[in-house]
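Notes to accompany the following structure.
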Amino acid sequence: MSGMDSGQDKLFHDVAKALVANPGASTSDIAETAGVSRATLHRVFGDRDALVESVYGWLLDRCDQVFDEAGIDTGEIEPALDRLIDDCYPLAQSYWLLTATPSLERSGDIGERLREQDGRLERFFARGQAEGVFRPDLSAKWMSYSFGGQVMSAWYLVEDGYAGEMEVPRLIREATFGGLTARGK
């Protein structure tokens, strides 16, 4: 949603944060946590289901942006991986919200976008395997899921106060290069 103004972007961010904090929250609770009125939420999103789907779509837009800027589709593998690791922390909200709201995967547009993003990441790892950067004995799908798990785990560490946000790239880089790359052998 690149055309979104900063006020609307902040609203989506605050609502996403409220949903991550309490996925089952009522619209009133979401409004209170996000610091807006229920009327504002209703005007911008409609009902609660539309709110969840809209916010998840916004999070997927952020994921697409991170993937695009990292260059995972066509860029050199190692620099693309470095950029992906450096910029992946915002993706954690998306991963977490999906696990908290599994019905989103079955939603038409959202489900299709999730499959597209999964495919992009899987193709990135497969391309890296073909170029000898990533281990050939692990499937590209496993690497994709593993990377998502590392991002989500780092987010939990930060949320629970066990690590700082600035430490996330180092943690993911160490886990990735120590367990996924051919150099680790």
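Matching residues to (1) closer than 18 Å to ASP64 by Cα; (2) modelled with pLDDT of 85 or more:
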site: TRP96; (1), (2): yes, no
site: THR101; (1), (2): no, no
site: ARG113; (1), (2): yes, yes
site: GLN129; (1), (2): no, yes
site: SER139; (1), (2): no, yes
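Just one of the listed residues (GLY35, GLY57) is in contact (Cβ under 8 Å) with a residue 24 or more places away in the chain and surrounded by fewer than 19 Cβ atoms within 10 Å (Cβ to Cβ), namely GLY57.
Scanning the stretch 55-73 for residues that are assigned to a helix (DSSP H, G or I) and of a type in the set (Val, Ile, Thr) yields VAL55, VAL66.
Evaluate the stretch 161-176: report whether one residue or more is within 15 Å of the chain's Cα centre (by Cα), of a type in the set (Val, Ile, Thr) and at pLDDT 85 or above. Yes, that holds for at least one residue. Inside the stretch 12-30, can you point out the residues that are of a type in the set (A, V, I, L, M), in contact with a Ser or Thr (Cβ under 7 Å, 6 or more places away or on another chain) and modelled with pLDDT under 85? Selection gives ALA21 alone. Scanning the stretch 1-32 for residues that are closer than 22 Å to ILE110 by Cα, of a type in the set (Gly, Ala, Ser), surrounded by 14 or more Cβ atoms within 10 Å (Cβ to Cβ) and more than 20 Å from the chain's Cα centre (by Cα) returns a single hit, ALA25. So in the stretch 141-151, with the set limited to residues that are surrounded by fewer than 19 Cβ atoms within 10 Å (Cβ to Cβ) and of a type outside the set (Lys, Arg), which one is farthest from ALA70 (Cα to Cα)? Here the residue is TRP142. If you go through the stretch 74-86 and keep only what is closer than 16 Å to ARG127 by Cα and assigned to a helix (DSSP H, G or I), you end up with ILE77, GLU78, PRO79, ALA80, LEU81, ASP82, LEU84.
The values are calculated or read from the model by the stated rules, or taken from the named source; none is laboratory data. Worth saying up front: this structure is predicted, and the values here are computed from it rather than measured. Note that each Cβ is placed from the backbone with ideal geometry, even for glycine, and that neighbours are counted across all protein chains shown.
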